[in-house]
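Student: I am attaching a structure below and will ask some questions about it afterwards.
The values are calculated or read from the model by the stated rules, or taken from the named source; none is laboratory data. Predicted model, so just to flag it, every value in this text is computed and none were measured. A quick note on method: Cβ atoms are made from the backbone with ideal geometry, for glycine too, and the neighbour counts reach across all protein chains shown.
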Amino acid sequence: MEKLLIRGGRSLRGRIAISGAKNAVLALAPATLLAPGSHRLLNVPHLTDVLTMMELLESLGCSCRLTGKELLIDTSTIHSFHAPDELVGRMRASFYVLGPLLARYGHAEVSLPGGCAFGPRPVDLHLEGLQQLGAQLTVRNRRVYARAERLRGTTIDLRFPSVGATGNLLMAAVLAEGETLIRNAAREPEIVQLGEYLCAMGASIEGLGSPVLRIRGVSHLHPATVEVIPDRIEAATFLIAAAATQGEVTLTQARSDHLHAILTKLQEVGCSIVTTHDTLTLRMETLPAPSTVTTAPYPGFPTDVQAQWTALMLRAPGVSRITDTIYLDRFKHIPELQRLGARIELHGNTAIVFGGHPLTGTTVVSSDLRASAALLIAGLIAEGETEVLGLHHIDRGYEAIEQKLQQLGADVQRVRVDD
Ligand code: EPZ
């Protein structure tokens, strides 16, 4: 067991490189199941979720090798179509194997997912869409048994632009007979990259990045290479940490075109931001102004940045409001922030932050990936020392987080809990 020790009060200054996007890799890796052979994923971050996905693919018979940032996946020898319950329970994105296994092999067995701790996270949109594509699904003992001779193209109207459902259905439709329309599809950059990768493998997809995807089924696909896009949520997290500590930070290998909603809000609260084609510099010389933020599907303000933004608003003198419309109970970071002295009231799915009051370091416990990031940011601005426990959460989605913070001048150490 490890923890982070953070001594607050320092401004972050310097430059760091943003790693490849976790949520892109977690969609691209299962897509390799659609075509036999050796696939190459470049710019892959070393994250526990990536290792879990590799373990999952290996349990199906693939061979995976991560050397530096290059992930080689050979899908020539698939021998199982049953995703182990323990892996699906550990990481919700494991559910992504359902669509490709069904499309290529005509059957799959995947348990209903677990993953992060916040609230019920159903997969009804995945299952309804697959049934519309002609799959026979039965759910028994919390496991989905799926069968399909050949999936047939159809029109799918998503009740909600679910990222996972769009990804699963896209991977199922590329080998289906005929044409599929997915309407109200997710527009996240990670889904756009998934579609681009499928096209590089020989699929026919139009409308990527728009709410309507048109897929013409093909008979087979071939392996391809893809370079993973930068992680926009990691980038947002470091920009917010720089703003909270009144620093000046440059991110390299960052895509400002994936961060529009966040950059707009950061400028609104007083940050100055300069971008080039692959760098982003944020400078903040004052305390942030209070703000009102409501999360929304891309290109709106991401739910994955909601907790980090709440930590920033602790610095903003006055009243701020943060509403999460995606996950109505993604607020487990609030009681821990309150232990640092934060004055926050939770009203349904809206956090009301009374900012501008000092925080005092203490021991706090992470509950999920992005809540951990919020606690880390709060530790950077609290007086004294803050201990953040539950690092296994943060290591799921942030590569070398303490090294990057140290590179920016933060006083942060990773130590063993029994030290
Ligand atoms: C993806 O999860 C991300 N994970 C999440 O990031 C992110 O928070 C989420 O999209 C929203 O942007 C990965 O990409 C691996 P959804 P996903 O399906 O696909 C409801 C992180 O921190 N819903 O868009 O599971 C669901 O309950 C993680 O990196 C249904 O009702 O998200 C939720 O309220 C956390 N039925 C909303 O839609 C369904 O069948 C968003 O879910 C599917 C989803």
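Student: Can you confirm whether the stretch 183-193 contains a residue that is within 13 Å of the ligand (Cβ to nearest atom) and either hydroxyl-bearing (S, T, Y) or part of a strand (DSSP E or B) (or both)?
Tutor: No, there is no match, as no residue in the stretch 183-193 is within 13 Å of the ligand (Cβ to nearest atom) and either hydroxyl-bearing (S, T, Y) or part of a strand (DSSP E or B) (or both).
Student: Restricting to the stretch 262-277, name every residue that is in contact with a Pro (Cβ under 6 Å, 6 or more places away or on another chain) and either more than 15 Å from A243 (Cβ to Cβ) or surrounded by 18 or more Cβ atoms within 10 Å (Cβ to Cβ) (or both). Step through it out loud before you land on a result.
Tutor: At the first step, the residues of the stretch 262-277 found to be in contact with a Pro (Cβ under 6 Å, 6 or more places away or on another chain) are 269-270.
Hit for the stretch 262-277 is V269, nothing else.
Student: Let me ask another. Which residue pairs have Cβ atoms under 7 Å apart, sit 6 or more places apart or on different chains, and have a first residue in the stretch 162-173 that is more than 13 Å from L33 (Cβ to Cβ) and a second that is not in a helix (DSSP H, G or I) and not hydrophobic (A, V, I, L, M, F, W, C)?
Tutor: Correct list of pairs: V163/E188; A173/G153; A173/T180; A173/G217.
Student: In addition: Are any residues in the stretch 167-181 within 22 Å of the chain's Cα centre (by Cα) and more than 8 Å from the ligand (Cβ to nearest atom), and if so, which ones?
Tutor: Across the stretch 167-181, the qualifying residues are N168, L169, L170, M171, A172.
Student: Now for a different question. Going through the stretch 121-140 one residue at a time, which ones are within 15 Å of the ligand (Cβ to nearest atom), touching a residue at least 12 places away in the same chain (Cβ under 8 Å) and part of a strand (DSSP E or B)?
Tutor: V139
Student: Same structure again: Tell me, yes or no, whether the stretch 141-151 has at least one residue that is modelled with pLDDT of 95 or more, out of contact with any Ser or Thr (no Cβ under 9 Å at 6 or more places or on another chain) and assigned to a strand (DSSP E or B).
Tutor: Checked the stretch 141-151: no residue is modelled with pLDDT of 95 or more, out of contact with any Ser or Thr (no Cβ under 9 Å at 6 or more places or on another chain) and assigned to a strand (DSSP E or B).
Student: Name the residue, out of V388, V412, that is within 28 Å of I326 (Cβ to Cβ) and either more than 16 Å from the ligand (Cβ to nearest atom) or over 17 Å from the mean Cα position of the chain (by Cα) (or both).
Tutor: V388
Student: If you don't mind, another one. State yes or no: is V412 aliphatic (A, V, I, L, M) and surrounded by fewer than 17 Cβ atoms within 10 Å (Cβ to Cβ)?
Tutor: no
Student: Assess whether L87 counts as being at negative phi, within 16 Å of the ligand (Cβ to nearest atom) and touching a strand residue (DSSP E or B) at 6+ places or on another chain (Cβ under 8 Å). Spell out how you get there, then give the answer.
Tutor: Numbers: at negative phi: yes; within 16 Å of the ligand (Cβ to nearest atom): yes; touching a strand residue (DSSP E or B) at 6+ places or on another chain (Cβ under 8 Å): no.
Taking the combined requirement at face value, the residue does not satisfy it.
Student: Same structure again: Which of the helices (runs of 4 or more DSSP H) found entirely inside the stretch 1-120 contain at least 2 residues meeting this: under 17 Å from G397 (Cα atoms) and modelled with pLDDT of 95 or more?
Tutor: 22-31, 48-59
Student: Follow-up question, since we're still on this one. Is it true that V293 is of a type in the set (V, I, T) and under 22 Å from S11 (Cα atoms)?
Tutor: So V293 does not fit the description; no.
Student: Here is a further query. May I ask you to list the residues in the stretch 15-30 that are touching a Gly at 6+ places or on another chain (Cβ under 6 Å) and closer than 19 Å to L221 by Cα?
Tutor: First, the residues of the stretch 15-30 that are touching a Gly at 6+ places or on another chain (Cβ under 6 Å): 22, 27.
The one that is touching a Gly at 6+ places or on another chain (Cβ under 6 Å) and closer than 19 Å to L221 by Cα: A27.
Student: Filter the stretch 242-256 for residues that are more than 17 Å from the chain's Cα centre (by Cα) and either in a strand (DSSP E or B) or over 21 Å from S291 (Cβ atoms) (or both) and give the result.
Tutor: Answer for the stretch 242-256, where residues must be more than 17 Å from the chain's Cα centre (by Cα) and either in a strand (DSSP E or B) or over 21 Å from S291 (Cβ atoms) (or both): E248, V249, T250, L251, T252, Q253.
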